[in-house]
Amino acid sequence: MKINTTIATLALTATTALGSAQVTPQYRIIDLGAVNGSSEAIAINNNDQTVGWTFRNDGTYAACVWENGQLTLLQTTGPTSSANAINESGRIVGKRGTRAVEFTALNRVRDLGTFGGGEGTCLGINDTDRISGSFQNNQAQWKAAGEKFNYGANTFTRFNLGTLGGLWSSAQDVNNVNVYAGWSHTQSGPTHAALFVENQAPQDLGTLGGPQSEAKAISDYFGVTGFSEMSQIHNAPTNKGRIKRAFLWTPERRMQNLGEPYFRGQQKFRDSQGRSYFKLAMRQGEVTRTLSVYGIDTFGFGINRRNVVCGNSRLFIGTSPFQVNRAMVSIKGVSYDLNNLAGNPTEWNLDRAWGINDSDTIVGRGFNYRTGTMRAYMAVRTR
């Protein structure tokens, strides 16, 4: 698939529109609530309608939507479910049990089928009701899938988006120009981030030097985010593989490393085994601890029209080491720990940022010290 000059111009316009001045952003964190203990917000539209899941009173989890401060369950009975995407008109897709579905009313779904196998999942929906996902075929291989709504027949048409030569692929998101972003196994084996268009060969987006990459989200201006392995290996005390970094891909600049939020200006130290680390003061609730960080991975999961990316950092702490996840936002190529931008930081440890809208409002999950549970949150940008 060839990205044409019109798309490149749109992407350049979106990047230019960000402007040159940058101040440190600030956010206000809102607890979105839960039915029973824990919840998680996965996607948000430009009307601030947010979808995800919450535990029900019976201890199982179910798809839900938050709107105007109210939580509404989409499934009060039946198998576990999760709402993974919502478009501007409020159509919601996700997974119920093992099946890809559209949530049409309370306890009612439209099964979106498979390619002959038993399972499927929907991960994105655009404003013309094009759906992205991954469905099994009759050999239990997962294939990148698109679906489009046929209004006259009130049905969906399903199509296989293909692969980069390997067996498995997945379409994680779709924009309003009907371009899908995701990943595919290549003919040689590793997964690569890819763009898909119906009836065209997928486009390989490459990597940041390592063997593997995945795309997770795409904007209408063809900014793509995800993560890629680097050529370097972690020096953590136990093998953690290759360093991974969130990326921003655009037609004019291709794949750019978004870095990480912590290392700028940090002094390096060496332990008794000669491994390098740096010290990081990290606030977790009302306690601030100084931690020894041996390695950092970063991941991009959401992107808006101005190429603001949200995701998370994974830190390898200490000589064991144990892992700490922290929500992240990247603005104009500068990455920040979202916890450090929050107006009420002692209440939260934000560990995932899954979705973002065009107002830079972010949704995800974090540990809430007030409730003692993992909770869905909304981070509203105030500066």
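Values in this text are rule-based calculations from the coordinates and carry no lab data. It should be emphasised that the depicted structure is a prediction, and the values quoted were computed from it without experimental measurement. Cβ: placed from backbone, ideal geometry, glycine included. Neighbour counts: every protein chain shown.
Values as computed for the structure displayed
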item	result
Number of positions in segment 255-292 that are surrounded by 12 or more Cβ atoms within 10 Å (Cβ to Cβ), part of a strand (DSSP E or B) and aliphatic (A, V, I, L, M)	4
Pair list, Cβ under 9 Å, 6 or more apart: segment 166-182 residue over 19 Å from E88 (Cα atoms), other residue of a type in the set (F, W, Y) and surrounded by fewer than 24 Cβ atoms within 10 Å (Cβ to Cβ)	L167/W142; W168/W142; S169/W142; S170/W142
Hits in segment 189-232 (condition: hydroxyl-bearing (S, T, Y) and either over 23 Å from G355 (Cα atoms) or in contact with a Ser or Thr (Cβ under 8 Å, 6 or more places away or on another chain) (or both))	T191, T207, S213, Y221, S228, S231
Selection within segment 103-123 - under 20 Å from S39 (Cα atoms) and in contact (Cβ under 8 Å) with a residue 40 or more places away in the chain	F103, L123
Pick from segment 311-368, criterion in contact with a Pro (Cβ under 8 Å, 6 or more places away or on another chain) and of a type in the set (S, T, Y), ranking: nearest to V51 (Cα to Cα)	S313
Checklist (1) in contact (Cβ under 8 Å) with a residue 24 or more places away in the chain; (2) β-branched (V, I, T); (3) in a strand (DSSP E or B) applied to T346, failing item	(3)
Test: residue in segment 335-353 that is closer than 26 Å to N126 by Cβ and over 16 Å from the mean Cα position of the chain (by Cα)	no
Out of R108, R56, sole residue that is farther than 25 Å from V174 by Cβ and of a type in the set (K, R)	R56
Count of residues meeting criterion [in a strand (DSSP E or B) and over 20 Å from Q136 (Cβ atoms)] in segment 162-185	1
Selection status of A34, in contact (Cβ under 8 Å) with a residue 40 or more places away in the chain, buried (at least 19 other Cβ atoms within 10 Å of the Cβ) and either within 17 Å of the chain's Cα centre (by Cα) or not in a loop (DSSP other than H, G, I, E, B) (or both)	no
When residues of segment 329-352 are limited to those that are among the polar types (S, T, N, Q) and out of contact with any strand residue (DSSP E or B) (no Cβ under 7 Å at 6 or more places or on another chain), the one surrounded by the most Cβ atoms within 10 Å (Cβ to Cβ)	N340
Residue list for segment 56-80, filter: surrounded by 13 or more Cβ atoms within 10 Å (Cβ to Cβ), in a strand (DSSP E or B) and either in contact with a Lys or Arg (Cβ under 9 Å, 6 or more places away or on another chain) or not hydroxyl-bearing (S, T, Y) (or both)	A62, A63, C64, V65, W66, E67, L71, L73
Leading residue by the ranking (nearest to the chain's Cα centre (by Cα)) among those in segment 186-209 that are among the hydrophobic types (A, V, I, L, M, F, W, C) and assigned to a loop (DSSP other than H, G, I, E, B)	L205
Every residue from segment 210-232 that is of a type in the set (A, V, I, L, M, F, W, C) and over 12 Å from the mean Cα position of the chain (by Cα)	F222, M230
Residues of segment 164-189 satisfying the condition of being surrounded by fewer than 22 Cβ atoms within 10 Å (Cβ to Cβ) and among the β-branched types (V, I, T)	V177, T186
Which numbered condition E88 fails, given (1) in a strand (DSSP E or B); (2) under 26 Å from S39 (Cα atoms); (3) among the charged types (D, E, K, R)	(1)
Enumeration of residues in segment 145-161 that are surrounded by fewer than 16 Cβ atoms within 10 Å (Cβ to Cβ) and part of a loop (DSSP other than H, G, I, E, B)	Y151, G152, A153, N154
Candidate set: segment 286-303, residues that are in contact (Cβ under 8 Å) with a residue 60 or more places away in the chain and not charged (D, E, K, R); chosen: the one farthest from N239 (Cα to Cα)	I303
Any pair with Cβ under 8 angstrom, 6 or more apart, that starts in segment 304-318 at a residue that is more than 18 Å from E229 (Cα to Cα) and ends at one that is surrounded by fewer than 23 Cβ atoms within 10 Å (Cβ to Cβ) and of a type in the set (S, T, N, Q)	N304/N357; N307/T15; N307/T250; I317/S292; I317/Q323; G318/S292
Residue list for segment 105-120, restricted to those being part of a strand (DSSP E or B) and under 18 Å from T54 (Cα atoms)	A105, R108, V109
Residue check for A83: over 27 Å from N340 (Cα atoms) and part of a strand (DSSP E or B)	yes
